[in-house]
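Sharing a structure below in structure tokens format, with a few things to ask.
The values are calculated or read from the model by the stated rules, or taken from the named source; none is laboratory data. These figures come from a predicted structure and were not determined experimentally. For neighbour counting, all protein chains shown are included, and Cβ atoms are generated from backbone atoms with ideal geometry for every residue, glycine included. Remember, those area values only see protein heavy atoms, side chains included, never the ligands or the DNA or RNA. Shrake-Rupley method; radii C 1.70, N 1.55, O 1.52, S 1.80 Å.
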Amino acid sequence: MQGEEARIALFGTVDRADTAQTVAVGDLSFLVDADAIRSMSWKGVEVIRALSWPARDENWITLPATVRSSSLDTNEHEALLRLEFEVADGALSCLLTVAFSAAGSVEADLTMDATRDFDTNRTGFTLLHPIDGVAGESLAIVHSDGSRQETKFPRFIAPSQPAFDISGLSYALNGTAVDIAFDGEIFEMEDQRNWTDASFKTYCRPLVFPFTYRIGRGETVRQSIRISFSGDGPGAASSDTARVTFDPDGTLPKIALAVEPGWLPVMERCGALEKTGIGAFQVRVGPSIDAAFLEQATRTSRHLETELDLEVVVPEGTDPEVHFRQIRAQLDRLGIEPVRVLSVAEPYLKSHQPTGPWPDGPRPDDCVKAARKVFDSALIGGGALTNFTEFNRCPPRPELCDFIGHGTTAIVHAADDRSVCETIEALSHVFESAINMAAGKPYRLGLATIGMRSNPYGADVAENPSQVRQTMARFDPRQQGIFAAAFAVGVLNATQGYPVESLALAAPAGPFGILAQKLPVESAYFDAHTDALVYPIFHVVRMAACMGGRQRQGVSGLPRGLRAVAAGTDSDWDMMIANLGDRSASVRLPSRAGVRSLDPSSFDEAVRDPDWLTNSKPVNTDECEVEPYSVLFASNAGAGA
């Protein structure tokens, strides 16, 4: 496959990804794409993750910009970016200029003119700071009155803003000092690891101000950021590629599938589902109990011999115990006993600031207590049915719980491929913070995927009928492509070193499905190829389920951008390697192995055959090339020496 066909195989859409231009001015380098300046680096050290200028509507959805003119002029000493654009059908007309100097300075200016009233939750400059090498380290803040505060970036993820009233910031990272000055607005900082963004975010305007707010017709808003870099950096790194090595690291998480109405397969696809060997169904019962769905889900779980875990949403204004007894009565008629139950009241599907105000009615701890009364033989969990954000802002009391849990999504704030892949970096911070709050109780993740299951931050998820890269969308086209398979390997890799007991990488069908069937949105490939049975992620879920519970081998020696998961022994191992970068990368395996590559050339075969991993012929080798956003499956069982 080449061109558009390869793009569809990888990303599930004809929508073209924004291409970033690499620019170097002396020791200062950065990437420029349509929406941001990314990966600002000084002498090889990334010290600013991104500078962007988003406009968000009243549901926090980022509005697309229409570019009127764009230019980037560079020479060996300096570069100048000039961008004219508008948002909301011209409601806001904007001019951005960013000047870069080889001496280590960046000067960004943004002017926004409202041609009519423009309602927004946030519009203006956003600056992202890296997390690795920064979390827990020193930070100096200059406030609007000129005073200076010496503090630290939080190590564990902060449930609320770690810095307020910002007019300047200073920090150091790997031998480089960073000094930043803001003007035109009051800025504050958010710990974006809450949403699995791999950054601390400095933004305007502060959340203590009312929102949604209005930029009135005829009003002009001006903002500026000045950044300077200094220091010698870490020095040159070796370019040699090390051979992958293993180190025993506990056991791999067991694999579950998330289930709610509309996510179970049609009868003719159930045979493929049986091949996965998953450990549990995480069945979500909504505020209205759908008896037919509950029966179908429990019967399917019984047929597959999986554990049945319930995720229960208690209707607003309802006594949790009453709701649980109605569900228990349904299950008793079916002869089903859930293994685990995690529940919250309906208002807690929305996000609330740590200081409140909190919804009236039962709090999450009340649901834990009521569930224990009704489901007396089940393990009762506490946490959130949405994201780590809500878990962190209203943490469960571990002493009341048998386990804790929450879900994740990768497209709260950005939906480009690079940002989605960066969320894998943030997951280890999420796991460390959650485990720190768990007080030794088991940690079981819900659905951990790209798309957004529900929107805690607005009225609903974003509609995405044309299947483009869209923030806060439930239906993300990459779920149908190889990209989702690579992302799932990345999620599993991020659990390395953390006692994550189980997680759901997907659902049987629907927006997060592993089985291909008709969706209520466009499908660039599967609408035309109805003989295709599975999405590429099926093979990762199947392999992960087979590896779950086995001796995990921690993987090291991978080139940058690669993520891997391995299980077994030094002499009998299986491994999945994903490339979450946009360039091919070479890897040397621990020994010769049979290798299969899930990439555009194997896509047609892999989506038609649920047994592709066993029916396709492996290549015996110890040196592999991993294509961008592709996955290698390697096993040394039976491979030649």
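Restricting to lysine pairs 8 or more places apart or on different chains, what number in the chain have Cα atoms under 27 Å apart?
Qualifying lysine pairs in the chain: 14.
Place a label point 7 angstrom from the Cα of GLU58 along the Cα-to-Cβ direction, then list the residues of segment 438-466 whose backbone nitrogen is under 14 Å away.
458-460
Now for a separate question. Using per-residue counts of other Cβ atoms within 10 Å, averaged over each peptide, order 379-389, 140-150 from highest down. Don't skip to the end; give the middle numbers.
Details: 379-389: 25.5, 140-150: 12.6.
Descending mean neighbour count gives 379-389, 140-150.
Per the Kirkwood definition applied to all pairs of different Cα atoms, how many angstroms is the hydrodynamic radius of segment 446-525?
Working: mean 1/r = 0.0739 Å⁻¹.
13.5 Å is the Kirkwood radius here.
Relative to the present Cα-Cα distance, how much length would full extension add between THR569 and ALA24 at 0.36 nm per residue of separation? List each step's numbers first, then the result.
Working: separation 545, 0.36 × 545 = 196.20 nm, distance 4.49 nm.
Extra length from THR569 to ALA24 when fully extended: 191.7 nm.
In a shell of Cβ-Cβ distance under 14 Å around VAL208, excluding VAL208 itself, what net charge do Lys and Arg (+1) and Asp and Glu (-1) give?
Numbers: positive: ARG122, ARG205; negative: ASP165, GLU185, GLU188, GLU190.
That sum, taken over residues with Cβ under 14 Å, equals -2.
Oh, and also: For a quick check of understanding: with a 1.4 angstrom probe and all protein chains in place, what accessible area in square angstrom does THR569 have, to the nearest ten?
Here the accessible area works out near 70 Å².
Next up: Let's test the formula: R0 of 45 Å, r as the Cβ-Cβ distance of THR355 and ARG16. What FRET efficiency results, to the nearest 0.05?
Details: r = 43 Å, r/R0 = 0.96.
The formula returns an efficiency of 0.55 here.
Can you pull out the trypsin sites (Lys or Arg not before Pro) in segment 23-87 that DSSP calls coil and that have at most 13 other Cβ atoms within 10 Å? Provide the component values of the computation, followed by the final result.
Details: sites: ARG38, LYS43, ARG49, ARG56, ARG68, ARG82; in loops: LYS43.
Taking segment 23-87 and a limit of 13 other Cβ atoms within 10 Å, no loop trypsin sites (Lys or Arg not before Pro) are found.
While we're on this one: Quickly estimate the mean residue ellipticity at 222 nm for the chain, helices only: each DSSP H run with n ≥ 4 gives -39500 (n - 2.57), and the total goes over all residues, rounded to 500. It would help to have the intermediate numbers written out before the result.
On the way: 11 runs with 116 residues, N = 641.
After summing the helix terms and dividing by the residues of the chain, the value is -5500 deg cm²/dmol.
Roughly how many nanometres apart are two label points built 7 Å out from the Cα toward the Cβ at GLU107 and THR212?
3.7
For GLN2 and GLU337 in the same chain, what is the full-extension length gain: residue separation times 0.36 nm, less their Cα-Cα distance, in nm? Please list the in-between numbers first.
Values: separation 335, 0.36 × 335 = 120.60 nm, distance 5.02 nm.
In short, 115.6 nm is gained.
Using a 1.4 Å probe and counting only protein heavy atoms, arrange GLU623, GLU137 so the residue with the most accessible area comes first. Numbers along the way, then the final one.
Details: GLU623 115, GLU137 90 Å².
So, going from the largest accessible area down, we get GLU623, GLU137.
Something else: Within 10 Å, count the other beta carbons around each residue, average over each peptide in 294-304, 468-478, and list them highest first.
With the highest mean Cβ count within 10 Å placed first, the list reads 468-478, 294-304.
To the nearest 10 square angstrom, how much accessible area does THR530 have with a 1.4 angstrom probe?
The accessible area comes out at roughly 110 Å².
In segment 405-463, which GluC sites (Glu not before Pro) are in a loop and have at most 15 other Cβ atoms within 10 Å, using DSSP for the loop call? Walk me through the numbers on the way to the answer.
Working: sites: GLU422, GLU425, GLU432, GLU463; in loops: GLU463.
Those that pass, being in a loop and sparsely packed, are GLU463.
Are there trypsin sites (Lys or Arg not before Pro) in segment 521-627 that DSSP marks as loop and that have at most 13 other Cβ atoms within 10 Å, and which are they? Intermediate results must be reported in sequence, preceding the final value.
Details: sites: ARG542, ARG550, ARG552, ARG560, ARG563, ARG583, ARG588, ARG592, ARG596, ARG608; in loops: ARG550, ARG560, ARG583.
Of the trypsin sites (Lys or Arg not before Pro), the ones in loops of segment 521-627 whose Cβ has at most 13 other Cβ atoms within 10 Å are ARG560, ARG583.
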